[in-house]
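> Please find one structure pasted underneath; my questions will follow.
The values are calculated or read from the model by the stated rules, or taken from the named source; none is laboratory data. If you're wondering where the values come from, they're calculated on a predicted model, not measured in any experiment. Every residue, glycine as well, gets a Cβ built from its backbone with ideal geometry; the counts of neighbours run over all protein chains shown.
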Amino acid sequence: MRLGEIEINRIEDYHGLGFQPEQMFPDLRPQMLEAERDWLIPRFYDPASHRLCTSIHSWLVRTPRRTILIDACIGNHKQRPSIERFHMRNEPWLERLQAAGARPENVDVVLCTHLHADHVGWNTRLENGCWVPTFPNARYLCGRADFERWDERRPDFVPRPINENVFADSILPVLESGQLVLIDEGYVIDDGVIVEAAPGHSPGHLKVRVRAGGEEAIFSGDVIHHPIQLAYPRLCSVFDEDPRAGLETRLELLAECAQEGLLLLPTHFAQPFWCRLEVRDPDAPAYRPIWPEEV
C-alpha cells in the first residue's frame, strides 16, 4: 500500500484461529454472530471450531527518511505459558521482514502501541542465551504510562498471566541498551507520522496517524481487536484493562474513520487486514467495513 511517498507493508507473525468469541468478548451473544454471519464467515469466524479468525502482524512504514516498525508481534523462543500459540515459537518473521525490503539494522524506529506480549516479542531475539535488541540501530518508542504499568520492578506492579516474562525478555533488554524512549501524546516520528493517545486497552496505549498523498490512515493497535466490533462497537475485549476508557477511545476512532474516510489498519484483523468504514446505524452506533476489494 502507498500513501503518497509512504510505503506500508504488513509483516505477518500469525494468521489463523484465535479465541472463542465469548472468551474474547464476554458480552457477545450468539445472536450477534448470527446476524453478521454473511460477512463474518469464513474470513473472520470459523463456525466449525467456534473460534474467531485473527492475525498478529507488524506494520512496516517507510517514509523517504525513516523505516518505522509499528508493533513487534509475538517473537520466537519466548516463554508464554498462558497462551499456547504464543509459547516457544520458531517462526520466519525476520525472513518476512527481509522479503518486504528491510533488515533489522535498517529499522530506525520501533513503535510499540502498548506493551502486551503480542506487540513486543520481536523487540528482542535470543543470542548466545541472552536477549538482545533485534533492531540494533532503532529507537524503541512506547507510552510512558504503559511502561510504568508493566515495569515489574515497581512495588505496586500488578501481574497478569498474558504478560508473564514479557518485561524481562522483551522490554528490559531494550531499556538496558539505551534504546528505549518513553513518549507522550503528540510525539512526531516523521513528517506526517504522529503518535496519539488511545487509552483503555492499556493505560498508555497509543495509535499512529499517517498523512501523505492526500490520504490519512490510523494504525489503531488494540483499540479494536476484531471486525465484529465494527457492527457492535460496545463489545469490549477481556484484555482491556479499563473497558470504559477503551470504549470511549474506540467510539471516537470509528466515528472519525467513517466521517473522514480514513484507512483503518488494526493489528489483529484477519485478511484482508484493513478497511474503510461507513455508518450503518447512527443510532447504535454501528459501522459497515469497506474492504480493499470493494474500494
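> Among residues belonging to segment 274-295 that are out of contact with any Phe, Trp or Tyr (no Cβ under 9 Å at 6 or more places or on another chain) and in a loop (DSSP other than H, G, I, E, B), point out the one that is surrounded by the fewest Cβ atoms within 10 Å (Cβ to Cβ).
Checked segment 274-295; the qualifying residue surrounded by the fewest Cβ atoms within 10 Å (Cβ to Cβ) is ASP283.
> Next up: Can you name every residue in segment 280-295 that is of a type in the set (A, V, I, L, M) and under 18 Å from ASP38 (Cα atoms)?
ALA286, ILE290
> Would you mind stating whether HIS201 is within 24 Å of PRO81 (Cβ to Cβ) and touching a Gly at 6+ places or on another chain (Cβ under 8 Å)?
So HIS201 fits the description; yes.
> Considering segment 249-273 alone, what residues qualify as being under 24 Å from TYR14 (Cβ atoms) and either of a type in the set (Phe, Trp, Tyr) or part of a loop (DSSP other than H, G, I, E, B) (or both)?
Across segment 249-273, the qualifying residues are THR267, HIS268, PHE269, ALA270, GLN271, PRO272, PHE273.
> What number goes with the only condition from (1) in contact (Cβ under 8 Å) with a residue 60 or more places away in the chain; (2) of a type outside the set (Phe, Trp, Tyr); (3) more than 30 Å from ASN123 (Cα to Cα) that ARG43 does not pass?
Here ARG43 clears every test but (3).
> Before we move on, is GLU36 surrounded by 14 or more Cβ atoms within 10 Å (Cβ to Cβ) and on the phi < 0 side of the Ramachandran plot?
yes
> Taking SER82 as meeting all but one of (1) out of contact with any Pro (no Cβ under 6 Å at 6 or more places or on another chain); (2) under 20 Å from ASP151 (Cα atoms); (3) at pLDDT below 95, write down the number of the exception.
Condition not satisfied by SER82: (1).
> Okay, moving on. Please state which one of LEU94, LEU69, LEU111 is in contact with a Pro (Cβ under 8 Å, 6 or more places away or on another chain) and either touching a residue at least 40 places away in the same chain (Cβ under 8 Å) or surrounded by fewer than 17 Cβ atoms within 10 Å (Cβ to Cβ) (or both).
LEU94
> Does ASP156 count as more than 16 Å from TRP59 (Cα to Cα) and either among the polar types (S, T, N, Q) or touching a residue at least 60 places away in the same chain (Cβ under 8 Å) (or both)?
no
> Consider ALA217 against the criteria (1) of a type in the set (A, V, I, L, M); (2) in contact with a Lys or Arg (Cβ under 8 Å, 6 or more places away or on another chain); (3) part of a loop (DSSP other than H, G, I, E, B): it satisfies all of them except one. Which criterion is unmet?
ALA217 satisfies every listed condition except (3).
> Among the residues of segment 249-261 satisfying the criterion of being crowded, with 20+ Cβ neighbours inside 10 Å and in contact with a strand residue (DSSP E or B) (Cβ under 7 Å, 6 or more places away or on another chain), which is farthest from HIS114 (Cα to Cα)?
Selected residue: ALA258.
> Additional query: Does any residue of segment 240-248 turn out to be closer than 24 Å to GLN31 by Cβ, touching a strand residue (DSSP E or B) at 6+ places or on another chain (Cβ under 8 Å) and either at pLDDT 95 or above or surrounded by fewer than 18 Cβ atoms within 10 Å (Cβ to Cβ) (or both)?
No; the residues of segment 240-248 include none that is closer than 24 Å to GLN31 by Cβ, touching a strand residue (DSSP E or B) at 6+ places or on another chain (Cβ under 8 Å) and either at pLDDT 95 or above or surrounded by fewer than 18 Cβ atoms within 10 Å (Cβ to Cβ) (or both).
> Of the residues ARG149, ARG125, only one is touching a Pro at 6+ places or on another chain (Cβ under 7 Å), surrounded by 15 or more Cβ atoms within 10 Å (Cβ to Cβ) and among the basic types (Lys, Arg); which?
ARG149 is the lone residue from the list that is touching a Pro at 6+ places or on another chain (Cβ under 7 Å), surrounded by 15 or more Cβ atoms within 10 Å (Cβ to Cβ) and among the basic types (Lys, Arg).
> So GLY204 passes all but one of these: (1) over 17 Å from CYS112 (Cβ atoms); (2) touching an Asp or Glu at 6+ places or on another chain (Cβ under 7 Å); (3) in a loop (DSSP other than H, G, I, E, B). Which condition number does it fail?
(1)
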